[in-house]
Amino acid sequence: MLLGRFISSAIYYPHRKWPAALRQNRTLVNSVRRLHQSNPVHGPFTLAALTERKFVRVQGTDSVSFLQGLMTNDMRHFEHSGTVYAMFLRANGRVFCDTLLYKRPGATEQEPHDYLLECDVTVAPRLEKHLKLYRLRKKVQVTLDETYRVWAAFKPGTDESDDSPGSSNLICPEGRLHVFKDPRLPRLGYRVLSSEQQVESKEPLLRIFPGAELSADTAVPYTVFRYSLGVGEGEENLPDGKCFPLECNCDLLHGVSFHKGCYIGQELTARTYHTGVIRKRLMPLVFDEPPMLTGGDSEAMRDAEIKNEEGSVVGKLRGLVGNRGIGLLRIEKVLPEGKLTLHVAETGSSSVATETHPLIPFRCDLCGLNENCDYRGRRPPFASKIEFPEECYVMRDPFAPPPQAAPDKPSSEYYLLLGADCNLCQRTVCKATECSFFYGATFCRRCSLDRVQEFPLE
């Protein structure tokens, strides 16, 4: 299946800045500031019930300092905002989970430090256990909270030219609902918290968002919209221990502070930010045709490989709904124009269902060696750890066992290098010493003899 890169106005703008950002991180920061000056678009809101989200409650005198030492963002943002986006990391700097933090509605002056942490339903018990592990003697209580249900209010579309007023202070009738501006992107709209007793009644929601389209049973419209912006959320898009916060655009989504003190996983995150080297990013994807999945194929889609036209793996799939997806891709590999291909592992098998590539004829112009090779380029897909300094003609080793039969065998033993084109005359020659000479590049026998004085004596 072919993928086209979706030019999303919310994420593709800094995407064009990434090559410079790899050399100097300050360029990326400037582009992010311009990115978040956009306004929401005109049109009715869509309200989607996020049934797969749950809350962990953290309350107590020491809750601020407790959370400050565990999450990527700064708790001082609550001085001017009602919600904060952040991530919890493991000690090695990889993402444990992402979360949206709210000041719990109904917090009193006697007990102001009361917070709700929104996360996936499957993550909530693990997050509760993770927080209790670091509680020690702090005056903090950590519990699962079943009081509230969360909705997402957003305006679908990709046009950012409209200038609709984007106020973060919506009037809530009778105080029955609690509306928070999403701190990640203006285009993501609002988060609405309602109590479980108010779930059946939709009137308060329609009073705040007149003419809104309700999706009370599924979060698919919101997920598709979120994928179009390149925003990952939850365990499916940000699997535990398999990605880093800056790769997941945590810095672009206002989810990390580089001015606060230490927290779990801070060392690697700060070093990556200050060196400015971020090789992978979570990016939006658009399929030419929606993948047809049956049975257990949905499980095989997790971590499915994405390859470029040369057959090189450029990233992995992190989410898919219809023809929209999101993937963790290598920046330098996807910046050049070209189609990307999704490769899904076969159900019940460890082999990868790759496309059938036609054989490439190879013939040495000097000795006449004639053979069909499987690949011409620098990175053969069947030897993923090998990169040649020039384009070569490569074939699979017909005498070597398949990789599954010999997992300990080095990948360099699975291929045969037939030859390359002369760097001067472009004549195709094999690697025999009678036909070619290699010094930084391949030279045919005739060109190397004509320029023998230009090579070192060795």
Query raised in the report: Cα convex hull of the range 233-343: mean projected area in nm², to one decimal?
Result: 8.0
Query - residue 132 paired with residue 51, simple spin-label distance in nm, labels 7 Å along Cα-to-beta-carbon - result: 2.8
**Report entry** Spatial separation of Cα centroids for the range 254-269 and the range 211-232, in angstrom
**Finding:** 30
Report summary line: Listed by chain and number, the lysines with an alpha carbon less than 22 angstrom from that of residue 280, same-chain partners under 8 positions apart left out, are 17, 242, 307, 316, 333, 339, 385
Query - Per-residue ³J(HN,Hα) for the range 98-104, Karplus 6.51 cos²θ - 1.76 cosθ + 1.60, θ = phi - 60°, Hz, x for Gly and Pro - result: 9, 7, 10, 9, 10, 6, 4
Query raised in the report: If you count, for each residue, the other Cβ atoms within 10 Å and average over each peptide, how do 427-440, 178-191, 54-67 line up from highest to lowest?
Result: 178-191, 54-67, 427-440
**Report entry** Label-point separation, residue 449 to residue 207 (7 Å along Cα→Cβ), nm
**Finding:** 9.5
**Report entry** Reachable lysines from residue 132, criterion Cα separation under 19 angstrom, eight or more residues apart if same chain
**Finding:** 54
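Only the coordinates and a few stated rules stand behind these numbers; no lab work does. Here the structure is a predicted model, which is why all the values come from computation and not from measurement. Ideal geometry is used to build each Cβ from the backbone, glycine not excepted, and the neighbour counts take in all protein chains shown.
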